[in-house]
Amino acid sequence: MAGEDWTSTLLVLLILSSFLLNFTDIPQRIQLWRWSSYIRKRIIQLFEIEQDARRKAVKYLSEQGLKDPGKAIDDFVDNYFLISPVSLEPTDIIRRLRHLIRERNKSVKAYVREVFPDASEEVRQNAEVMFEIVSVLVLINKIVKHYFQLGLKYSNWILMMQLALEMPMIVRLAKTYDDAMDSFASGTPVGDGAGPLAVRYLLSFDVPEREVAEETLVLEGTVEGRKVLAIKAKGPGSSVGYPGEALRKVVEEVGRVSAIITVDAALKLESEETGEVSYGVGAAIGDPGPEKIEMERVAAEKGVPLYAVVIKMSEEDAITTMSEEIVKGVKKAVDIIKEIIRKLPPEEPVIVVGVGNTIGIR
């Protein structure tokens, strides 16, 4: 009889459990609790990363003589955002986007000059990057909290699950930005400086140079018996310059050119190794649009080849201190550029555009 009682009890429990699991929302609530608990821990981690980046920025700015860096950072965060132009009517969208980007850049530079009037140009440029990094980390935290609270508000366990699955990549990205603060504080070259570094390897430091666009230089030298005009942002402060505008001005000055060669860092696939080099056709530049399209338009108008040489790296590699693998990749890229130049007619100059951030690279 006792055995039959236990069997009956077990059967009742199984039926009740089946009913609860199949005809109530208890499983979804359990899932919601699981995912929300996981995300809460990651939100705390993101907050700690944001605070660490803020401390690094405050330390750097204080060392450079800024009296109240905390207030300067707080005033910058959430300000100076950019609203994309209307895309429903695509006519002149590039011109409008270029105007908005440049106006925002001017506003940021004016703000940094206002709070940092006695700093050198190099220090101000590095300070701009630090303000931007802290602002990005604050934005990441806000977006994560937004979707987290939406999931809780509407008991949406699917939204919570999606956010939880994305959290490892989000935390990894935030940690990368935090690590980048050390590189910009110390003024060491970062992976994204592969393009400008290639220009410096291609031409010696004693060649003539002049500023052809805002924070953008053109260097004149000879490679493989051909005249080379190399464009890069002005260093050693943190700047990417305006390579598209500079390219147009240089081409208009010299008239006919035999080719335009662009060299830049490029995001690698997970299956690729850092420092791998590839080359092809097109404009190698990670630009929102205005600078890249300017390069393409110049090449199309003049009917000259537009080559692209890229050094592969991850996003972490791009904004942290340049690794030995990337330096080796830059040297390989220079060899490829020389080989391309060698095959071009010697009568007309070649333009090489080194795209990227010039921090630590003169």
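A short reminder: the numbers here are calculations on the coordinates, not readings from a lab. Worth saying up front: this structure is predicted, and the values here are computed from it rather than measured. Counting neighbours? That spans all protein chains shown, and the Cβs are built from the backbone with ideal geometry, glycine included.
Averaging over all projection directions, the Cα-based convex hull of the stretch 270-362 occupies 7.3 nm² in the image plane.
With N residues in the stretch 191-354, what two-decimal value do you get for its Cα radius of gyration over 2.2 N^0.38 Å? Against the empirical 2.2 N^0.38 Å value, I get 0.95 for the stretch 191-354.
The overall shape of the stretch 230-280 is oblate: from the C-alpha gyration tensor, with semi-axes ordered a ≥ b ≥ c, the ratio a/c is 1.5 or greater and a/b is no larger than b/c. Of the DSSP H helices in the chain, those that are both long (alpha-carbon extent of 15 Å or more along the helix axis) and hydrophobic (Kyte-Doolittle mean at least -0.5) are 2-23, 121-153, 157-186, 243-254, 324-342. Over the chain, DSSP H runs of length four or greater, each weighted -39,500 (n - 2.57), average out per residue to a 222 nm ellipticity of -20000 deg cm²/dmol. Over the chain, Cα pairs under 8 Å with separation of 6+ residues give a relative contact order of 21 percent. For the stretch 27-140, the Cβ-based charge dipole about the Cα centre amounts to some 540 debye (Lys, Arg positive; Asp, Glu negative; other atoms uncharged). Relative to one another, the C-alpha centroids of the stretch 263-332 and the stretch 236-253 are positioned 16 Å apart. Annotation: the residues THR7, THR216, THR188, sorted from fewest to most other C-beta atoms within 10 Å of their own C-beta, follow the order THR7, THR188, THR216. One Cα centroid belongs to the stretch 118-159, the other to the stretch 65-83; the line between them spans 13 Å. Dipole of the chain computed with +1 at Lys/Arg Cβ and -1 at Asp/Glu Cβ about the Cα centre; of PRO85, MET181, ILE261, farthest Cα towards the positive end is PRO85. ASP179 sits among other residues whose Cβ lies under 12 Å from its own Cβ, and their net charge, with Lys and Arg +1 and Asp and Glu -1, is -3.
Once the Cβ-Cβ distance between ASP206 and ASN79 is put in as r, and R0 is 41 Å, what FRET efficiency do you end up with, to the nearest 0.05?
On the way: r = 43 Å, r/R0 = 1.04.
Taking R0 as 41 Å, the efficiency between ASP206 and ASN79 is 0.45.
Think of the chain as a dipole: +1 on every Lys or Arg Cβ, -1 on every Asp or Glu Cβ, centred on the Cα centre; then among ILE133, VAL309, MET169, ILE133 lies furthest on the positive end. Gyration tensor analysis over the Cα atoms of the chain returns equivalent ellipsoid semi-axes of 50, 26, 20 Å (largest first, whole Å). Does the stretch 26-186 come out rounded, prolate or oblate by the C-alpha gyration tensor, with a ≥ b ≥ c the root eigenvalues, rounded set by a/c under 1.5 and, if not, prolate when a/b is larger than b/c and oblate if not? Oblate, since a/c reaches 1.5 and b/c is not below a/b. Sorted fewest first by neighbouring Cβ atoms within 10 angstrom, MET160, MET169 come out as MET169, MET160. What does the C-alpha gyration tensor say about the overall shape of the stretch 39-100? Classify as rounded when a/c is under 1.5, otherwise prolate if a/b is larger than b/c, or oblate. It comes out oblate by the Cα gyration axes. Cross-link reach is defined here as a Cα-Cα straight distance under 25 Å, omitting same-chain residues fewer than 8 places apart; for LYS175 the lysines meeting it are LYS41, LYS56, LYS59, LYS71, LYS142, LYS145, LYS268, LYS312.
How far, in nm, would the chain grow between LYS67 and LEU10 when pulled straight, counting 0.36 nm per residue and subtracting the alpha carbon separation?
Details: separation 57, 0.36 × 57 = 20.52 nm, distance 7.22 nm.
The LYS67-LEU10 span can extend by a further 13.3 nm.
In a DSSP loop and with at most 13 other Cβ atoms within 10 Å, the chymotrypsin sites (Phe, Trp or Tyr not before Pro) in the stretch 129-194 are TYR154. Cβ crowding within 10 Å, taken as a proxy for footprinting-reagent exposure, orders LYS106, LYS249 from fewest neighbours to most as LYS106, LYS249.
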